[in-house]
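Here's the structure we're looking at; comments come further down.
The values are calculated or read from the model by the stated rules, or taken from the named source; none is laboratory data. Just so it is clear, the structure is predicted and the values come from calculations on it, not from any experiment. Every residue, glycine as well, gets a Cβ built from its backbone with ideal geometry; the counts of neighbours run over all protein chains shown. For the accessible areas, the whole protein counts, side chains as well, though only heavy atoms, and no ligand, DNA or RNA atoms are used. Shrake-Rupley method; radii C 1.70, N 1.55, O 1.52, S 1.80 Å.
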Amino acid sequence: QIAGTYAGRRESAADAQTVATILALSGGGPIDLLLVAFGAPYQEKWLQRNLPQLPGVKVAMAVGGTFDVLAGLRPQPPDCMARHGLEWERSARKDNPRRAHCSGQTLPNTAARI
């Protein structure tokens with residue numbers, strides 16, 4: 001059962017309001033799954049700051065990129081990348097073309113070490 005949805009803000013100044021709203025939506029009970037979709041790296045930073053204030057959360061996931069694909073805002077990665085868990089690498093290149101050369105140099109070196 002979905003307890004609710006809330007379009008909070010990713011800024012730390014809004015954390016108290018967002019956490020209070022999440023707790024109110026849960027009715028004070030445990031939260032089995034919390035999905036946060038602010039986009040990287042904001043959703044990860046938000047979770048790191050706020051999970052201690054949400055002790056009833058069993059699983060929390062940063063899913064901004066997933067929702068973009070499901071909503072049709074981004075194409076799915078090629079099968080060859082998905083099979084090898086490299087969806088993030090494609091997204092990194094698309095999101096920040098200025099740094100694409102970094103992942104292009106780093107990825108082969110990292111893969112060779114593995």
Give the range 41-64 a look and list any residue that's assigned to a strand (DSSP E or B) and more than 20 Å from A13 (Cα to Cα), or say none. V57, K58, V59, A60, M61
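Got a sec? Which of G39, G72, G65 is surrounded by 15 or more Cβ atoms within 10 Å (Cβ to Cβ), modelled with pLDDT under 95, over 22 Å from A16 (Cβ atoms) and not acidic (D, E)? Break it down stepwise before answering.
On the way: G39 fails: over 22 Å from A16 (Cβ atoms); G72 fails: surrounded by 15 or more Cβ atoms within 10 Å (Cβ to Cβ).
So the residue among G39, G72, G65 that is surrounded by 15 or more Cβ atoms within 10 Å (Cβ to Cβ), modelled with pLDDT under 95, over 22 Å from A16 (Cβ atoms) and not acidic (D, E) is G65.
Among the listed residues A40, A62, A82, identify the single one that is among the aliphatic types (A, V, I, L, M), more than 22 Å from S26 (Cα to Cα) and in contact with a strand residue (DSSP E or B) (Cβ under 8 Å, 6 or more places away or on another chain). Steps first, answer last, please.
Details: A62 fails: more than 22 Å from S26 (Cα to Cα); A82 fails: in contact with a strand residue (DSSP E or B) (Cβ under 8 Å, 6 or more places away or on another chain).
Residue meeting the stated conditions: A40.
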The number of residues in the range 9-34 that are under 19 Å from V63 (Cβ atoms) and either open to solvent by 80 Å² or more (accessible area, probe 1.4 Å) or modelled with pLDDT under 90 (or both) is 4
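Just to be sure before I move on: is K58 of a type in the set (K, R), modelled with pLDDT of 85 or more and surrounded by 14 or more Cβ atoms within 10 Å (Cβ to Cβ) in the structure I sent? Write out each step before concluding.
Working: of a type in the set (K, R): yes; modelled with pLDDT of 85 or more: yes; surrounded by 14 or more Cβ atoms within 10 Å (Cβ to Cβ): no.
No.
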